[in-house]
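First the structure, in the form of structure tokens, and then the observations on it.
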Amino acid sequence: MEMTEASELQSWIRDLVAQPGENQEAQLLVYLEKQIEYLLETRPQLLAQVLYRIDVDEEKSKAIFQKSPQEWASGLAKLILEREKLRLALWNKYSGLD
């Protein structure tokens, strides 16, 4: 069940990153922060699965957890967004869409 949830969340994040629009990134970061805060409090294992599946840099995520807990959600949201933007750029480049 959790693997399906992680896959769905990963797919949803990819879809949001791929959508163009004004202030999209800022809105996405705010939303991701709220979702990450929720997962940190209620389902940290699912959050760990999502970070793994999205392939967030482990060293960078460890560095986030060395900071104060108040910074965890925003730091992880930025890492997720950074990774998904890179993934989208690479996909576009190698699929001939860029």
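The values are calculated or read from the model by the stated rules, or taken from the named source; none is laboratory data. The structure presented is a predicted model; accordingly, all values stated were derived computationally and were not measured. Here the Cβ is made from the backbone with ideal geometry for all residues, glycine too, and neighbour counts use every protein chain on show.
At-a-glance table
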item	result
Set ALA63, ALA73, ALA26: member being outside any loop (DSSP other than H, G, I, E, B) and touching a Lys or Arg at 6+ places or on another chain (Cβ under 8 Å)	ALA73
Filter result for GLU59 (at pLDDT 95 or above, of a type in the set (Asp, Glu) and surrounded by 10 or more Cβ atoms within 10 Å (Cβ to Cβ))	no
Matching option when the condition is surrounded by 11 or more Cβ atoms within 10 Å (Cβ to Cβ), in contact (Cβ under 8 Å) with a residue 60 or more places away in the chain and either touching a strand residue (DSSP E or B) at 6+ places or on another chain (Cβ under 8 Å) or closer than 20 Å to ALA18 by Cα (or both), among LEU81, LEU86	LEU81
Top-ranked residue in the range 46-56 [being touching a Lys or Arg at 6+ places or on another chain (Cβ under 7 Å) and closer than 13 Å to LEU81 by Cβ; ranked as modelled with the highest pLDDT]	VAL56
Given (1) of a type outside the set (Val, Ile, Thr); (2) over 21 Å from SER7 (Cα atoms); (3) touching a residue at least 24 places away in the same chain (Cβ under 8 Å); (4) touching a helix residue (DSSP H, G or I) at 6+ places or on another chain (Cβ under 6 Å), number of the condition GLU25 does not satisfy	(4)
